[in-house]
Amino acid sequence: MAGLSVPFGGVPERPFNEMFEENFVKKGRFFYQAWFQDVGPPEAEAEGDVRDFLRKFYFGIAGEAPDGSWPKKAHGDSMLKGMMDPDPFPAWLNDDDLDYYVNEFEQSGFFGPISRYRNHQRDWAWLQQFKGRKLEMPTLLIGGDRDPAFNGFGRIADPAAMMRQQVTDLRGVHILPGCGHWTQQERPADVNTILIDWLKGL
């Protein structure tokens with residue numbers, strides 16, 4: 001099992017929505033998954049200008065984004081408020097790729113993808129059947145040190161130590177410097193090299 005971006009921490013003790021409500025919503029702070037909870041406004045914002053939404057969303061948590069590009073704002077603010085659209089965009093997302101994504105989302109809309117973030121209670125309930133079980137297969141993690149999903153609730157000082165509590169055969173933890181959330185897009189050569197070397201050793 002090769003994980004990208006987020007270390008495996010085992011079956012959660014409580015639903016993720018309870019965590020972001022405690023850490024963000026109750027403190028009046030914006031969190032994108034809280035913004036996604038109400039059906040309607042998030043879809044309207046994303047579908048109003050799909051290219052603009054994707055450019056700002058992708059860049060906001062990319063390794064090249066300067067501090068503050070994922071703005072700190074109030075709960076209830078929209079997703080795009082205060083977000084940057086860089087010119088030029090980082091080379092890892094070229095115009096042809098972006099055109100493809102825009103076309104797909106213009107056809108499908110955003111209700112399905114955004115609704116993934118409305119399923120935390122069901123996810124948590126389903127996962128409880130696996131409580132106490134560890135990953136016993138060879139396991140690998142590749143992440144980025146500028147990924148807010150990796151460090152969003154406080155910097156993880158030692159991801160390997162964290163994972164070893166839940167993984168019995170951890171074969172490697174690779175944290176790529178300067179890499180953001182889009183690990184395989186931002187660093188395809190690094191990711192492929194690490195994966196191939198790991199697979200050869202199995």
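Our helix-only sum for the chain, with -39,500 (n - 2.57) per DSSP H run of n ≥ 4 divided by its residues, gives a mean residue ellipticity at 222 nm of -11000 deg cm²/dmol.
Alpha carbon centre of segment 3-27 versus segment 159-196: separation in Å? About 20 Å separates the Cα centre of segment 3-27 from the one of segment 159-196. Each residue of segment 127-135 was assigned a 3J(HN,Hα) from its phi angle through the Karplus expression (A = 6.51, B = -1.76, C = 1.60, θ = phi - 60°), giving 5, 4, 5, 9, 4, x, 7, 10, 6 Hz with x at Gly and Pro.
Is the shape of segment 24-100 best called rounded, prolate or oblate, per the rule: a/c under 1.5 gives rounded, else a/b larger than b/c gives prolate, else oblate, with a ≥ b ≥ c the square roots of the Cα gyration tensor eigenvalues? It comes out oblate by the Cα gyration axes. Whole-Hz Karplus values for segment 190-202 come out as 4, 4, 5, 4, 5, 5, 5, 4, 5, 5, 5, x, 6 Hz, taken residue by residue from phi with 6.51 cos²θ - 1.76 cosθ + 1.60 and θ = phi - 60°; glycine and proline positions read x.
Taking amide H as placed 1.01 Å from N in the peptide plane, the amide H of I175 sits under 5 Å from that of G143, each at least 5 places away or on another chain.
Between segment 102-151 and segment 45-72, how far is it from one alpha carbon centroid to the other, in angstrom? For segment 102-151 versus segment 45-72, the Cα centre distance is 19 Å.
Model label points for L98 and V6, set 7 angstrom from Cα along the Cα-to-Cβ axis, are 2.7 nm apart. Could you point to the label whose value was computed as Rg and Dmax of the Cα atoms in Å for the structure here, given [x] 20.1, 64; [y] 17.9, 49; [z] 18.2, 60? Of the labelled values, this structure produces [y].
Shown here for segment 147-202: trypsin sites (Lys or Arg not before Pro) in loop regions (DSSP other than H, G, I, E, B) with at most 15 other Cβ atoms within 10 Å, namely R155.
Every read-out reported here was derived from the displayed coordinates using simple, explicitly stated rules and does not represent laboratory data. All of these numbers come straight from a predicted model, not from anything done at the bench. Note that we place each Cβ from the backbone using ideal geometry, even for glycine, and neighbour counts take in every protein chain shown.
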